[in-house]
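Engineer: Here it is, the structure in full.
Values quoted throughout were computed directly from the atomic coordinates according to the rules given, and no laboratory measurement underlies them. The structure displayed is predicted, hence computed values, not measured ones. Every residue, glycine as well, gets a Cβ built from its backbone with ideal geometry; the counts of neighbours run over all protein chains shown.
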Amino acid sequence: KCFAVRLRAINHFVSKKGFNIEGLGPKIVIQLMNSGLIKDATDLFTLKIGDLKSLERFAEKSANNLIKAIEQSKKISFSNFIYALGIRHIGEQTSVDLANHFVNLRKLKKASRDFLINIPDIGPKMGESIFNWFKSADNVDFLKRLEKAGLKIIYPKKKSNQPLQGKKFVLTGSLSSMTRETATQKIRNLGGQVSGNVSAKTDFLICGASPGTKHKKAKNLGIKILSEEQLLQILEQEKAKPN
């Protein structure tokens, strides 16, 4: 793979929605690649403080901080792990859906093409992409090297009868009581799905201040539009219900 492709894959891997390695921005990734210290993301877990101290502008403190951040990233949620792999067509919400659907990585790796494409909201294009990714010899080797790095994947606990199970949300505009990332997580914790795009399958549009074109599209499609206050009421009501 060429330098640009490998760089993009590593940046995706370490991003906030992936391994979330603090302090490892694109410039440092390029520096590590140019120095020959890393060729792909698995090499990050073999880095030592001495490797970094030999690089320009890397003092002992910054080297220590980065090694510590890499070590901490080894404990990762299953959905973040799936996202970090950079499987084509698989975004944040689909990574969450796959993590909730499969008990562990082993079962996801062994899933057949037919099984994958018949999972709700996956379909042929994404199912084919997932199947092909796990069947690639290069990716099989990549996963083996990741497993040797001592990762601890946190698998989601199976929850039945979640109050927002199967409901699809889209957020638009800015929220005042929380960030959109926090709102997304709260909805997902109750079984809801959050997408970036409005479609006929969307159940609710959460509308904050200064909404964009999603508001108009949702209105045209007859999708229920909720205010931030209404979302907070739903979250509080469902949270207060006994399990």
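Engineer: Of all DSSP beta bridges in the chain, what percent run antiparallel (nearest 5)?
Structural biologist: So the antiparallel bridges amount to about 5 percent of the total.
Engineer: Over the chain, with a Gaussian network built from C-alpha contacts below 10 Å, which listed residue (LYS214, LYS39, LYS107) shows the highest mean-square fluctuation?
Structural biologist: Result for the chain, Cα springs under 10 Å: LYS107 fluctuates most.
Engineer: Let me ask something additional. Hey, how many Å between the Cα centroid of the stretch 127-141 and the Cα centroid of the stretch 176-243?
Structural biologist: Here the answer is 34 Å between Cα centres.
Engineer: Mind checking which of ARG106, ARG188, ARG145 has the largest fluctuation in a GNM of the chain, springs on alpha carbons under 10 Å?
Structural biologist: ARG106
Engineer: Specify the residue with the greatest mean-square fluctuation among GLY127, GLY36, GLY150, computed from a Gaussian network of the chain linking alpha-carbon atoms under 10 Å apart.
Structural biologist: Comparing GLY127, GLY36, GLY150 in a Gaussian network model of the chain, the most mobile one is GLY36.
Engineer: Which of the peptides 81-87, 15-21 is most tightly packed, and how do the rest follow, going by the mean number of other Cβ atoms within 10 Å of each residue?
Structural biologist: Answer by packing, highest mean first, reads 81-87, 15-21.
Engineer: Taking 7 Å along the Cα-to-C-beta vector as the label spot, tell me the CYS2-GLU22 distance in nanometres, rounded to one decimal.
Structural biologist: 3.6
Engineer: If you don't mind, another one. Multiplying the sequence separation of LYS53 and GLU229 by 0.36 nm and subtracting their Cα-Cα distance, what value in nm do you get?
Structural biologist: Net length gain for the segment: 58.3 nm.
Engineer: Rounded to the nearest 0.05, what FRET efficiency do ILE154 and PHE115 give with R0 = 35 Å and r taken as the Cβ-Cβ distance? Could you check? Mind showing how you got there, number by number?
Structural biologist: Working: r = 24 Å, r/R0 = 0.68.
Calculated value: 0.90.
Engineer: Moving on to the next point. Below 8 Å between Cα atoms, with a sequence gap of 6+, how large is the relative contact order for the stretch 77-154 in percent?
Structural biologist: 30
Engineer: Can you tell me the relative contact order of the stretch 3-73? Whole percent, Cα pairs under 8 Å, sequence separation 6 or more. Walk me through the intermediate numbers first.
Structural biologist: Numbers: 52 pairs, mean separation 23.1, N = 71.
The normalised contact order for the stretch 3-73 reaches 33 percent.
Engineer: For the stretch 53-69 and the stretch 70-121, write down the distance between their C-alpha centroids in whole Å.
Structural biologist: 32
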